[in-house]
Structures are given as C-alpha cells and as structure tokens.
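Since every read-out is calculated from the coordinates, none of them should be taken as a lab result. As the structure is a prediction and not an experimental result, all values here were calculated from the model. Here the Cβ positions follow ideal geometry from the backbone for every residue, glycine too, while neighbour counts run over all protein chains shown.
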Amino acid sequence: MARKSQVYGAIAILIFTMAVVTVALPASPQGTAANSTQSAKRIPAFHSAPPAKPLGATLDPKQFNDVSTQNAYAMAAKVKNVLYQQPCFCGCDANDGHHSLYDCFATDHGASCDTCRMEGIFAYEQTRKGQSPAQIRRAIINDEWKKVDLSQYATLKDLR
C-alpha cells in the first residue's frame, strides 16, 4: 500500500512539473518552417486618429512638371486628413523623420517617390469609394497600393 502511494505521489509530481514547464516555456511558432523563418512586416509610422488641429497645405501641384506627380499632389490635397492616418512604405519615416504619408505631400518627397505617389493615389481613390481611413490603412499594409498604375495618371485629372 505504501509503495502504491509513493508511485501515485511521483506521478502527481511529474504531472505538476510538466504542467509548470509547459506554461513557463514560450509557445513555439505555428505553421511551416518557411512561415517560422519569415520576419514580421514592419509597419511604418502613422497616426491612428484624425489630426487634432487643421493640417497645413500639401505642396501646390502646379510646381511640378510631371503630370502624374501633379495628379498625386492634387489628390493628396483633397484627402490630407486620410493621408495623416496612413503609413508610407518607402522608408521615409526612418530616413526622413516622416510621421505619416501626409508628410510626403507636405514636402517635395512625394515628387521623387513612386511608392508615395502610388499610396497617395490609392488613398484618394479608396476614399472616393467610401472606405474609412482604417480600412485604407489595412489595405495599404496588405500592399494593395501596389496595384496602382501610375501611367493611368499621366494625363491631368479633373478632381472637382
């Protein structure tokens, strides 16, 4: 009888120890080996809410010679509060101190960056379709802006 109690006691201690170790160890990654070696996508800087104060103007589109840049800056002017809530995946947050996509169009940075122009046009077009800034941000993070064809904006658009 004493022997049986010792065996049950040892089993209980073993189960308790395994439970503690299981809880204490971090969970292993799920999925395939390929998934576990991929690093998480870095989300650039953005504001999660609309600006508290009115934003300054974006640059005047007429100061640029390239028509697709003129279109991008004209569109940006119409949705600057939306751009304020969007990340920019060109790296300008790390390289230029930008805090959102809006900063790309408040400066001349967007004029020399296809990523900025494509994301800005995407944000404008999605806003016109009734998408919220949060919905647009999710789509930008999911790389949907890459579907924008800048050649479609090579003629001046009437944005009234």
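Rank Q126, S151, G110 by how far each Cα sits towards the positive end of the charge dipole of region 108-152 (+1 on Lys, Arg Cβ; -1 on Asp, Glu Cβ) and give me just the farthest.
Result: Q126, furthest along the dipole toward the positive end.
Taking the convex hull of the alpha carbon atoms in region 61-153, what volume per residue do you get, in Å³? Numbers along the way, then the final one.
Numbers: hull volume 7.6 nm³, N = 93.
Convex hull volume per residue, Cα atoms: 82 Å³.
Using 0.36 nm per residue of separation minus the Cα-Cα distance, give me the extension gain between D114 and K78 in nm, one decimal. Working shown, then result.
Working: separation 36, 0.36 × 36 = 12.96 nm, distance 1.90 nm.
That works out to 11.1 nm of additional length.
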